[in-house]
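*Asks:* Submitted below is the structure of interest, expressed as structure tokens.
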Amino acid sequence: MINYTFLDKIATVLIENYFDNLSNITVVLPNKRAKIFLIEALKKQVENNILSPEIISIEDFIQEIAGIRAIDPIELLFEFYEVYLSITEKSNQQSFELFANWAKTLLQDFNEIDRYLLDPSHVLSYLKDIEDIKKWGIEVENKTPLLEKYIDFWKMLPNYYQNLYSHLLNKGLGYQGLIYREAVNNVNVYSEKVQNKQFLFAGFNALNTAEEKIIQQLISSSQAKVYWDVDQAFLNDPYHDAGLFVRRFKENWKYYKSNPFEWIVNDFANAKNIKVIGTPKTIGQAKIAGTIIENIIIQNPTNKLDKVAVVLGEENLLVPLLYSLPASVGALNITMGYSSKNNPAQILIAKLFKMHTNALSRKNSSYVFYYKDVLDILTHPLVDPYAQTSSLVNVINNNNYTFITHQKLMELSTAPSELFLLLFSKWENGSIAVLDSISTLLLTIKNNLNNDNEEEKITKAFVFAIFKVINKLINYYSQHQHIDKIETLYAIYKQVIDLAEVSFEGEPLNGLQIMGVLESRVLDFDTVIVTSMNEGKFPAGKSQNSFIPYDVKRELGLPTFKEKDAIYTYHFYHLLQRAKNIYLLYNTESEGLDAGEKSRFITQLEVEKQVNHNLTHEIYNAVLPDLAYEPMVIPKSELVMTRLREIAEKGFSPSALTSYIRNPIQFYFQKILRISEVEEVEENIALNTLGTIIHETLKVLYEPFIGKFILESDILNCFKQIDHEVLKQFKLIYKEGEIKKGRNLLAFEVAKRNVSNFLKVELESIKAGDTIKIIALEQTYHRTLNHSNLPFPVLIKGNVDRIEERNGTIRIIDYKTGKVEKSSVTLKSWKGLTEDIKNDKVIQVLAYAYMFGDESNGKPIEAGIVSFKNLKSGFLPFVYKEGKEIESLISPSICNNYLEQIVLLLAEILDENIPFKEKI
């Protein structure tokens, strides 16, 4: 039988060399995942039932030797905090959130010191000496309390280490390094205890000092054999990083001075198709990976994809990849650590913390929510479909609720669901009650999700990952009750969520395999797709989260980025070693968040190209159209024409006409399809809302004078009502919005100032001898336009802000809260009036004049604008300027010329052969 994969070869060794003694064999592999594949390889090579050897991961094996339970990283942080508090003076003790910032890094260093069996007192004192040397230049009298504390921190490091080590050992617990150190101390005792056992170490590459000692001890007592998986192309090249560690073991281990090195293979030189594909951005890589898999299925429909692996250089690509896979994929297995940071359930909990901590932090008030926090929760995809709160969202938006008390929120929610009550119950009973509430909430969300839906199945895994973290926090909080502030709880949650990972359930032997780089150890595939082949992603780069400087690590033999790069190199080349078809995807963009240079591994494959390797390059770019954007063109269907006739009967407003001039598509959406803008909370008063408030205030103030001449005393009386009336209009129009704070208070004062200034101008006019009689305020006028060029009569209809008779002339006034100059209502030529949006003010005021024309009783008419930001210019009348002649009164000729232009515009709007064409 021809053995292909490394695990097939191990299975053959087990059958041929140890068949009669399999129950006493323990196979130690780099990770747990490989166990299933080795059992499968054994199954293929035996026909009868046999007892499988024990198959165990290196970490579990070391734990077995040490006899110590591995501590969870979150639990370790809490245990370390207890130790820290016990040996730190009360005056110098930090809160948990400050402590956690540096403790996580320090624990990593403790772990490395122990795994490489260094003397902790020597290493940590060394760090303290380095800091002392850095501060030599500072005189004693210049040392600040902060500097003293800094030096004390470095002095305390050996103390932290020894106390934590003893504390954990007493409890029978340990972090990975502690377990490794204790395993080395205990290996002789363990070796004697299991004398009849044989250990096979298979597929290892990088070993730390503790692992080396343990393996060498077992080899020297003839209880172990090591089977390496290394290719001669890497081992025999003294500069190739893929063979860095194995070369060291081969040269330095005493055993190999007199024993053969098993195994050296020559698989990398075999024929391989290697496609290097560059594409812009991360999503492009996900799409291409999906296309490659789709092509594999098309070329071989019976392919179960179990020999195809997608190896993700960065975890963030997982979700885009899942959405890019073709439906024909069927079964897939995800084996990788996916950070809980980007988890949708985690985002919901983070928003929940933000909402409640904000509500609690508002002093001198009851439990008050900020509307954005509430809407963030209600519109979250894990809440929105199940909480039945769309009506509540509408109420908040329509009524401008900026701040909502807990009581008001409960009143607004008619028949609240269980999910709603869990989200918005008060957080006033301590941290454990909050965590219990979140735990129940996550269970409720999990029960809402459908197990048959693949997408919801993945979401369920996300929810469950956070559920486990919350339950661990409940457990730790019950033991450490002195940490009991919601703000602290949130800080702790943010710290521990970084340590949590989502694990997915799948069938490892069936379907497409999606994995991270480390999960690919020992496994072999025919087709490999590797993403994110950029420097800083693959390999991961030189970032180093440690208190131990690079040169100290080099001196003491701790791994640096050089060793980490070598580990990545080995994993990369191992992926390629037995594969036949290889796709290497990278981001072609050199700038941006997810960008970087093409990986050195690709360059290395090019430079050291093997004879049998077919290496090709492709760049995939999105197909770019000839035009950056194709303007929308919408033909006028029968239904559209019916709607236009309906509008013509009900009335075209001046604003509808100017809307068409601005952009016919805007007119189509607003008037034909009747799509209105989405209602949102106006946190700060919008300009159009402010304008409405000013309009309504002036209407109320002037209403008593309709049909009368205004006296000085009338205006003086209006001044007294400004404050009351503006406030009343604010409350009517702005509803529940906050008026008396921040920018809204300024807007309130601006509204009062505008009304007051308008009344002052009015008072000065009356004092100067003007006679002003109010004819109409905020009144709707209409007039039917019949013309031979129009397919049917059109009603022109609009709301006029104010019509007055001033010194015998009818004056039609349109209020504008923005700034309008005289030039905006001056016209020099009728030609092209309706083609340019800058004429919108002229079109508007002349439309009002046309509508009112029949009611003027022969009196002269002028129409124009009062601009509140240009009140010093007073009334700005429409003016037609031809040469030196200026005409400001609306004469029949002006009216006829205007109608000619409007008919041209309406004829275009109502012509079924002219489509709505977008202006860009």
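*Asks:* For segment 341-502, with only Lys/Arg (+1) and Asp/Glu (-1) charged at the beta-carbon, what is the dipole magnitude about the Cα centre, in debye rounded to 20?
*Replies:* 440 debye
*Asks:* Measure nothing fancy, just the Cα-based angle from helix 73-87's long axis to the longest principal axis of the chain, in degrees from 0 to 90, nearest 10.
*Replies:* 80 degrees
*Asks:* Once phi is turned into θ = phi - 60°, what whole-Hz ³J(HN,Hα) does the Karplus curve with 6.51, -1.76 and 1.60 give for every residue of segment 164-170, x standing for Gly and Pro?
*Replies:* 3J(HN,Hα) across segment 164-170, in whole Hz: 5, 4, 5, 4, 5, 4, 4.
*Asks:* Please report how far the C-alpha centroid of segment 659-675 lies from that of segment 177-215, rounded to the nearest whole angstrom.
*Replies:* 77 Å
*Asks:* What is the fewest-to-most order of Leu348, Leu332 by other Cβ atoms lying within 10 Å of their Cβ?
*Replies:* With the sparsest Cβ surroundings first, the list reads Leu332, Leu348.
*Asks:* Just name one of Ile87, Asn913, Ile774: the one whose Cα is farthest towards the positive end of the charge dipole of the chain (beta-carbon charges, Lys/Arg +1, Asp/Glu -1).
*Replies:* Projecting each Cα onto the dipole axis, the largest value belongs to Ile774.
*Asks:* My understanding is that a pair violates if its Cα-Cα distance is over 31 Å; which of Lys197/Lys250; Lys752/Lys773; Lys35/Lys537; Lys287/Lys468; Lys699/Lys819; Lys287/Lys354 do that in this structure?
*Replies:* Listed pairs above 31 Å: Lys287/Lys468; Lys287/Lys354.
*Asks:* With +1 on each Lys and Arg Cβ and -1 on each Asp and Glu Cβ, and nothing else charged, work out how big the dipole of the chain is about its Cα centre, in Debye to the nearest 20.
*Replies:* The dipole magnitude comes to about 1360 debye.
*Asks:* Next up: If you take the beta carbon distance between Asn48 and Trp253 as r and set R0 to 51 Å, what does 1/(1 + (r/R0)^6) give as a FRET efficiency, to the nearest 0.05?
*Replies:* Efficiency computed from Cβ-Cβ geometry: 0.85.
*Asks:* Can you give me the distance in nm between label points at Phe19 and Phe153, each placed 7 Å from the Cα along the Cα-to-Cβ direction?
*Replies:* It works out to 6.4 nm between the two label points.
*Asks:* Would you mind counting up the charge near Ile274? Only other residues with Cβ under 13 Å from its Cβ, with Lys and Arg at +1 and Asp and Glu at -1.
*Replies:* Net charge around Ile274: +1.
*Asks:* Continuing with the same structure: Read phi for every residue in segment 101-107 and hand back ³J(HN,Hα) as whole Hz from Karplus 6.51 cos²θ - 1.76 cosθ + 1.60, θ = phi - 60°, with x for Gly and Pro.
*Replies:* Karplus-based 3J(HN,Hα) across segment 101-107 equals 4, 9, 5, 4, 5, 5, 5 Hz.
*Asks:* Assuming a strict under-27 Å limit between Cα atoms, what lysine pair count do you get for segment 72-174 once near-sequence pairs (fewer than 8 apart, same chain) are dropped?
*Replies:* Close lysine pairs under the 27 Å cut-off: 24.
*Asks:* For Asn236 and Ser546, FRET efficiency with R0 = 30 Å and r from the beta-carbon atoms, rounded to 0.05?
*Replies:* For R0 = 30 Å, the calculated efficiency reads 0.35.
*Asks:* Sort His695, His574, His617 so the one with the fewest other Cβ atoms within 10 Å of its own Cβ comes first.
*Replies:* With the fewest neighbours first, His695, His574, His617 line up as His617, His695, His574.
*Asks:* Could you let me know the centre-to-centre spacing of segment 557-606 and segment 259-273, using Cα atoms, in angstrom?
*Replies:* Between the Cα centres of segment 557-606 and segment 259-273 lies a distance of 20 Å.
*Asks:* Want the number for Asp452 to Arg674: 0.36 nm per residue separation, take away the alpha-carbon distance, what's left?
*Replies:* 76.0 nm is the gain from fully extending Asp452 to Arg674.
*Asks:* Mind checking which of Gly172, Ser222, Tyr256 is farthest towards the positive end of segment 131-286's charge dipole, using Cβ charges of +1 (Lys, Arg) and -1 (Asp, Glu) about the Cα centre?
*Replies:* Ser222
*Asks:* So which chymotrypsin sites (Phe, Trp or Tyr not before Pro) in segment 592-648 end up in coil per DSSP with only 11 or fewer other C-beta atoms within 10 Å?
*Replies:* Of the chymotrypsin sites (Phe, Trp or Tyr not before Pro), the ones in loops of segment 592-648 whose Cβ has at most 11 other Cβ atoms within 10 Å are Tyr629.
*Asks:* Would you mind checking which residues have amide H under 5 Å from Phe652's amide H? H placed 1.01 Å from N; only 5 or more apart, or other chain.
*Replies:* Long-range HN contacts for Phe652: Leu795, Ile796, Lys797.
*Asks:* Now for a separate question. Given that just one value was derived from the coordinates, which of [x] 39.2, 123; [y] 31.8, 118; [z] 26.5, 82 is Rg and Dmax of the Cα atoms in Å?
*Replies:* Matching entry in [x] 39.2, 123; [y] 31.8, 118; [z] 26.5, 82: [x].
*Asks:* State the extension gain, in nm to one decimal, for the chain segment bounded by Asp770 and Ser361, taking 0.36 nm per residue of separation less the distance between their alpha-carbons.
*Replies:* 141.4 nm
*Asks:* Quick one: Lys819, Lys354, Lys884, fewest Cβ neighbours within 10 Å first, how do they rank?
*Replies:* Least to most surrounded, the residues fall as Lys884, Lys819, Lys354.
*Asks:* Here is a further query. If one computes the Cα centroid of segment 221-258 and of segment 753-796, what distance in Å separates the two points?
*Replies:* 95 Å
*Asks:* Still on this model: Please compute the contact order of the chain in relative form: average sequence separation of alpha-carbon pairs under 8 Å and at least six residues apart, divided by the residue count, as a percent.
*Replies:* Dividing the mean separation by the residue count of the chain yields 13 percent.
*Asks:* Compute the acute angle (0 to 90°) between the alpha-carbon long axis of helix 486-497 and the principal axis of greatest extent of the alpha-carbon atoms of the chain; round to the nearest 10°.
*Replies:* The angle comes out near 50 degrees.
*Asks:* Please compute the contact order of segment 341-502 in relative form: average sequence separation of alpha-carbon pairs under 8 Å and at least six residues apart, divided by the residue count, as a percent.
*Replies:* So the answer I get is 24 percent.
*Asks:* Apply the Karplus parameterisation 6.51 cos²θ - 1.76 cosθ + 1.60, with θ equal to phi minus 60°, to every residue of segment 723-731 and state each ³J(HN,Hα) to the nearest whole Hz, in sequence, with x for glycine and proline.
*Replies:* 3, 4, 6, 5, 4, 4, 5, 4, 5
Values quoted throughout were computed directly from the atomic coordinates according to the rules given, and no laboratory measurement underlies them. Since the structure is predicted, the reported quantities are computational estimates derived from the model, not experimental observations. A quick note on method: Cβ atoms are made from the backbone with ideal geometry, for glycine too, and the neighbour counts reach across all protein chains shown.
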